[in-house]
Amino acid sequence: MSAGPADPGRARGAGVGGGAGRDGWEAVIGLEIHVQLSTRTKMFCGCEVTFGEPPNTHVCPVCLGHPGVLPVTNEKAVEYATRIALALDCRIAKRTIFHRKNYFYPDLPKAYQISQYDLPLGVGGHLDVERDDGSILRVGITRVHLEEDAGKLVHAGGASGRIDGADYSLVDFNRGGTPLVEIVSEPDISTPDEARACVMQLRNLVEQLGVSDVNMEEGSLRCDANVSVRRPGDPFGTKTELKNMNSFRFLQRGLEAEIERQIAALESGERIVQETVHFDPATGTVSTLRSKEEAHDYRYFPEPDLPPIELADAFVERVRASLPELPAARKERLMAQYGLSSKEAGLLAANKPLGDYFEGLAAAAGDVRTSANWVLGDFSAHLNAAGLEVAQSPVTVDRLAELLGLVSRGTLSGKMAKEVFEAMAGTGKPAGEIVAEKGLGQISDAGELEAIVVRLVAANPGPAEEFRRGRERVLGFFVGQVMKETRGQANPQLVNELLRRHLGGPGG
Amino acid sequence: MARIDVTGLTAHGCRDLLAGGDASAVELTRAYLDRIAAVDGSVQAYLTVDEEGALSAAAAVDAKPRRERLPWEGVPIALKDILCVKGMETTCASRILKGYVPPYDATVIAKLRAAGLVFLGKLNMDEFAMGSSTENSAFQTTRNPWDLDRVPGGSSGGSAACVAAAEAPWALGSDTGGSIRQPASLCGVVGLKPTYGAVSRYGLVAFASSLDQIGPLTHDVRDAAALLDLIAGRDPRDSTSTGLRGPAGVPARAGLEGLRFGVIKEYLGDACEQGVLEVFESAVKTVGALGGVCDEVSLPSVERGVAAYYLIAPSEASSNLARYDGVRYGYRHAPSEDLYDMYVRTRSEGFGAEVKRRIMIGTYALSAGYYDAYYAQAQRTRTLIIQDFTAAFQRFDYLISPTSPTVAFKLGERIADPLAMYLSDLCTIPVNLAALPAVSIPAGFAAGLPVGLQIIGPHFSEPGMLDAAYALERRLKVDTVAPLAAGPGVSSAEGER
Amino acid sequence: MISRQEVEHVARLARLRFEEDELTRLQPELGRIIDYVRQLAELDLSGLEPTSHAVPLKNVLRADEPVPGLSQEEATGNGPDVERGQFVVPRIA
């Protein structure tokens, strides 16, 4: 069934993406986020976790679901999941068990997924998300649990490469059994913008924990959303599950399209059916994913092959102690320690490398205010424009500190520093070199240079006389002396001009 | 070199022949292959006889100096076709696994390989171990060597029949609700179901994961103890495995002085045949004669055992057998309209009637709205049964009962009535639910057919339990080799030599 | 008892299909078995925890260290239909 066209542009124009509901509707959004853990091996077998390898080359009887095999839990995955749960302020279960979730699909080799059900590893946490306007949305975290990933299906034949047009499909189990942490949020989110901000915040958090690559395009971070709409004050409407939006943009556009579809349907008197829907970025429309599938009945029951896990308090405390400083705590500290505004501290805390960059710069340059302005201003703009991560920028902390030093010593004006920064970012050269090349030194100040020139001419009457007699080459001697005095930072053109004026032209 | 008579030959006997230089491993293996050729046409215990592999493994043993050999090196063994053997077809007696060649060894197989045992082949069974008569095999009907018109029991019917017919000195089976002990009882051999976790299940094709255990079927208790020690142990590939607390060693107990035996009252009612009861009562007297003390004990919850079992086992099975979907191995219906059609045709054609029946029961019991009333309630009943056994073991060292309420029944007699078939496991099922060890030893005959005695012990009591079983076995002196005539059209081993 | 409709629903969940005559036989068979096991539903076991693991083990974990697996040939060797190292499945309707 096609859900009919939904113009994302229209949705955005209608304000669905912005915050306030359209025409008296409001959306209710809950997120289900799957994070692939960056363990060396799979969740329940010793196969290496890989990406982009030839099909079915990192598999074994266990992750192929052969008869007779048994799962054994990866302790690193348990530790990583505990890190995530603690970072989200979840309570860690005293006793947690695995369940089998039974359903048939070709990428699920045992026809059940080992997952968790009523005794997940972590429950009752939250994540504070900064909205675009700087206000904070607290999103409840219902549960954090461990499970195993499915294999990869490639649809072959047909025109679209999509499931519905394919003649047949091919299955590769390299990914099958990769440890996943599923994070389920409360339906506390009301707009696609908030949803995007929430996922970004979560991605940054998980990245800082060092437990996942959190790459949406490669699928190490995947996001599904439960979406419904209602009139404000009404009970929840029927929800649909929007699947697999593999970028922040698609997440936002998919939500916009689905909210628009639901509103349009309800306004024309239709009912929303509880089903799974798929966003097609090419058309901007949503359509149902598995229309032929009967209602889900996963027949969960406790996995008999895996004994329960009871995490000792000592273990939980050890993991808690090993957590890096988390964004919320760092934000508080940045405000207290450096006197940054809430917004500045929030931005720096949300992006760990940027925060580290700032703190390094503040220490090296000694000026907190200037450092913050530079990091959040020109440096961030440069990263965005060039599409770089902090670590990829040629403008390292030391180099930017050098530039700031030139400003603080009065060598460069603020305006010149921006120009030098541009060149540093573009060429990868250090500030001093660029200043010298471009003659951007503060000593293009004619007054200061003139004093030097006057002094040098007076101190060297012999060469000055030679010049006046027409020995043009003597000018080079004077230029060299000026440069020596100014450590090469004098503007050569200006120096030439001033020298000629004070030496008097040949024959002049 | 004298011809080897394998009838009545135990694994210990095989070991002695090899150790004393009275037979080479190849000669011993050849003797069993000849016996198989002579009688398996009638018994039909084997699904696969790996003559080539067995002879070459035996030849490799012979090539080693005797002094460098491990204790059991060169002794043949046969394997229930539920155990994965790398490179050897493993079917679970199901069409859906026809042609499946495992790319790995079960842990018990790896252990036996390392110990130098020679694998004769794979044995028939009820499809996926679901049954009590081995009539649910997709491929052939195994017969009871004591009476070829009767069933050997099941699901390890091939294993029990094979040992009783001297087609192997010993065999491995698996026991989910009595699948080792009941056929051992019906075929007059020893069958041991170890404590859950004593033996790794890795490579045992799963039926009901929380109940399945691998165990030995042998001629006598000493062989059972030896084979248990060969296969037991904590396995890092099986999270539920623990191994034994100590080896079973060589049982040597002469009397039963100081031991208290509880006679489970609930198993002595109308469900038991008169002939079985008589043999059992005589065995109880023997216990007394050996100095043991017997007293009646009531375990009221065991009467709920069959009901709990027929919820738990099919539920787990419905999930365990979902992987047979025609994608990665085994049978596939082709061509198919689409994926759903392929799944449904593959599974409907690949599974037999009893397997499908149990998948249906299990799927139903786990499905939305029924879980609490059925599956969860069965798990609570299981708790109750465990509590009853725990209480009984406060008063008694071991519990005893008939292994099977009846002697071997006629082929076809119960196949049409699933519930009647299920009730043949009345005495054995609660042991699996409580994860206990139990052994069935031949106790005598009723109307010419073997009757087994079941001894149940507390968790990890195998060494003591087998010691007691050994003392009883010595006093009872029951012949464990069926007086099997070679079937028509099958030449005898003598004839071939 | 179990209705015909329920039998068909359960069969779909289990990816099984029964011919008309099989269904006619199966429905009462399942009914009898379900009636038998229903005896448990009548027990008051409210004070008891369900046993899902009969042996009291916990925290059985494995170190995160790679173990060699199968080659592509071994992995797909049993496959009924294999193309370029992958398992082929029919159209997913």
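As a ratio to 2.2 N^0.38 Å, the alpha-carbon radius of gyration for chain C is 1.82. Here's the picture: charge each Lys and Arg Cβ at +1 and each Asp and Glu Cβ at -1 in region A:248-287, and of A:I272, A:Q262, A:F250 the one pushed furthest to the positive end of that dipole is A:F250. Per-atom-type breakdown for region A:446-503 gives carbon and sulfur 51% of the accessible area (1.4 Å probe, protein chains only). Each residue of region A:129-134 is assigned a 3J(HN,Hα), and the resulting list reads 10, 8, 6, 4, 8, x Hz, derived from the Karplus form 6.51 cos²θ - 1.76 cosθ + 1.60 (θ = phi - 60°), x at Gly and Pro.
Tell me the total accessible area that A and C bury against each other, 1.4 angstrom probe, in square angstrom rounded to 100. List each step's numbers first, then the result.
Values: alone 24160 and 9280 Å², together 29750 Å².
Using a 1.4 Å probe, the pair buries roughly 3700 Å².
What translational diffusion coefficient, in µm²/s and rounded to a whole number, does the Stokes-Einstein relation yield for region B:144-271 at 20 °C and a viscosity of 1.002 mPa s, taking the hydrodynamic radius as the Kirkwood radius over Cα pairs?
The diffusion coefficient I find is 137 µm²/s.
Loop-located trypsin sites (Lys or Arg not before Pro) across chain C with a Cβ neighbour count of 15 or fewer within 10 Å are C:K58, C:R84, with loop assigned by DSSP.
For A:T73, the residues 5 or more places off, or on other chains, whose built amide H falls under 5 Å of its own are C:R62.
Given a Förster distance of 35 angstrom, what is the FRET efficiency for A:T288 paired with A:E75, based on the Cβ-Cβ distance and rounded to 0.05?
Working: r = 40 Å, r/R0 = 1.14.
Once the sixth-power term is evaluated, E becomes 0.30.
Taking amide H as placed 1.01 Å from N in the peptide plane, the amide H of A:K42 sits under 5 Å from that of A:C47, A:V49, each at least 5 places away or on another chain. When the solvent-accessible area of region B:302-386 is split by element, carbon and sulfur atoms take up 52 percent of it, the probe being 1.4 Å.
For chain C, what is the relative contact order in percent, using Cα pairs closer than 8 Å and at least 6 residues apart in sequence?
On the way: 29 pairs, mean separation 18.2, N = 93.
Relative contact order comes out at 20 percent.
The distance separating the Cα centre of region A:294-320 from that of region B:300-374 comes to 24 Å. Rounded to the nearest 10 square angstrom, C:T24 shows an accessible area of 80 square angstrom against a 1.4 Å probe.
Run lengths n ≥ 4 of DSSP H only: what is the helix-derived mean residue ellipticity at 222 nm for chain B, with -39500 (n - 2.57) per run over all residues, to the nearest 500? Write down the numbers at each step before the final one.
Working: 16 runs with 181 residues, N = 497.
So the helix-based figure for chain B works out to -11000 deg cm²/dmol.
P(r) tail, region A:446-503: Cα-Cα pairs separated by more than 18 Å, 20% of all pairs.
If B:E52, A:E433, B:E135 are ordered by their accessible area, calculated over protein heavy atoms with a 1.4 Å probe, which sequence runs from highest to lowest?
Working: B:E52 155, A:E433 85, B:E135 35 Å².
Most to least solvent-accessible, the answer reads B:E52, A:E433, B:E135.
Placing a label point 7 Å from the Cα of C:E19 along the Cα-to-Cβ direction, the residues of region B:326-354 with a backbone N closer than 16 Å are B:345-354.
The distance linking region B:192-247 with region B:394-471 is 17 Å (Cα centroid to Cα centroid, whole angstrom). The dipole here belongs to the protein assembly as shown: it is taken about the Cα centre, uses +1 on the Cβ of Lys and Arg and -1 on the Cβ of Asp and Glu, and is about 1980 debye.
Provide B:M465, A:M200 ordered by accessible surface of protein heavy atoms (probe 1.4 Å), highest first.
Values: B:M465 0, A:M200 70 Å².
So the residues, ranked largest to smallest area, are A:M200, B:M465.
Between region A:175-250 and region A:59-135, the alpha-carbon centres lie 16 Å apart. Solvent-accessible area per residue in chain A equals 42 Å², computed with a 1.4 angstrom probe and all protein chains kept.
The shape of the protein assembly as shown can be summarised by an equivalent ellipsoid whose semi-axes, obtained from the alpha carbon gyration tensor, come to 75, 34, 27 Å from longest to shortest. Using only side-chain charges placed at the Cβ, +1 for Lys and Arg and -1 for Asp and Glu, the dipole size of chain B relative to its Cα centre rounds to 840 debye.
Interface of B with C. Using a 1.4 Å probe and counting protein heavy atoms only, the two chains hide about 5100 Å² of accessible surface, both sides summed. Taking 25 °C and 0.890 mPa s as conditions, chain B diffuses translationally at an estimated 110 µm²/s according to Stokes-Einstein applied to its Kirkwood radius (Cα pairs).
Dipole magnitude for region A:446-503: computed about the Cα centre from +1 point charges on Lys and Arg Cβ and -1 point charges on Asp and Glu Cβ, it is near 140 debye. Take chain A and mark each of the trypsin sites (Lys or Arg not before Pro) that is in a DSSP loop with at most 10 other Cβ atoms within 10 Å; the longest unmarked stretch, sites excluded, is A:96-270. Scalar couplings 3J(HN,Hα) for region A:318-325, obtained by applying the Karplus form with A = 6.51, B = -1.76, C = 1.60 to θ = phi - 60°, are 5, 5, 4, 5, 7, 5, x, 4 Hz; x denotes Gly and Pro. Counting only heavy atoms of the protein chains and using a 1.4 Å probe, B:S239 has close to 0 Å² of accessible surface. Size of region B:227-367 from its Cα atoms: along the principal axes, largest to smallest, the extents are 70, 41, 26 Å.
Based on alpha carbons, the Rg and Dmax found for region A:8-318 are 19.7, 58 Å. Relative to the 2.2 N^0.38 Å rule of thumb, region A:87-143 has a C-alpha radius of gyration ratio of 1.60.
One chain, two ends: B:A59 and B:R245. Fully extended at 0.36 nm per residue, the span grows by 63.4 nm beyond their Cα-Cα distance.
Model label points for A:D445 and A:R91, set 7 angstrom from Cα along the Cα-to-Cβ axis, are 6.6 nm apart. With contacts taken as Cα pairs under 8 Å and at least 6 residues apart, chain A reaches a relative contact order of 15 percent. Comparing region B:430-489 with the 2.2 N^0.38 Å rule of thumb, its C-alpha radius of gyration ratio is 1.43 (two decimals).
In this rough spin-label picture, where each label sits 7 Å from Cα along the Cβ direction, the A:A329-C:A63 distance is 3.0 nm. Across region B:334-345, coupling constants 3J(HN,Hα) worked out from phi with the 6.51/-1.76/1.60 Karplus curve, θ = phi - 60°, read 8, x, 10, 4, 7, 4, 4, 4, 5, 3, 5, 6 Hz, and Gly and Pro carry x.
Beyond 14 Å, what share of the Cα-Cα pairs of region B:302-386 is found? Please give it as a whole percent. Beyond 14 Å sits 66 percent of the P(r) for region B:302-386. Other protein chain C-beta atoms within 10 Å of residue C-beta, averaged over A:97-103: 3. Take the Cα of A:K484, step 7 Å toward its Cβ, do the same at A:S408, and the gap between the two points is 3.2 nm. Pairs of Cα atoms nearer than 8 Å and 6+ residues apart set the relative contact order; for chain B it is 19 percent.
Return the value, in Å² to the nearest 100, of accessible area buried between chains A and B (probe 1.4 Å, both sides summed).
Numbers: alone 24160 and 17930 Å², together 39310 Å².
Roughly 2800 Å² of accessible surface disappears when A and B pair.
The values are calculated or read from the model by the stated rules, or taken from the named source; none is laboratory data. What you are looking at is a predicted structure, and each value in this text was computed from that prediction instead of being measured. Note that we place each Cβ from the backbone using ideal geometry, even for glycine, and neighbour counts take in every protein chain shown. Calculation scope for accessible area: heavy atoms of the full protein, side chains included, ligands and nucleic acids excluded. Shrake-Rupley method; radii C 1.70, N 1.55, O 1.52, S 1.80 Å.
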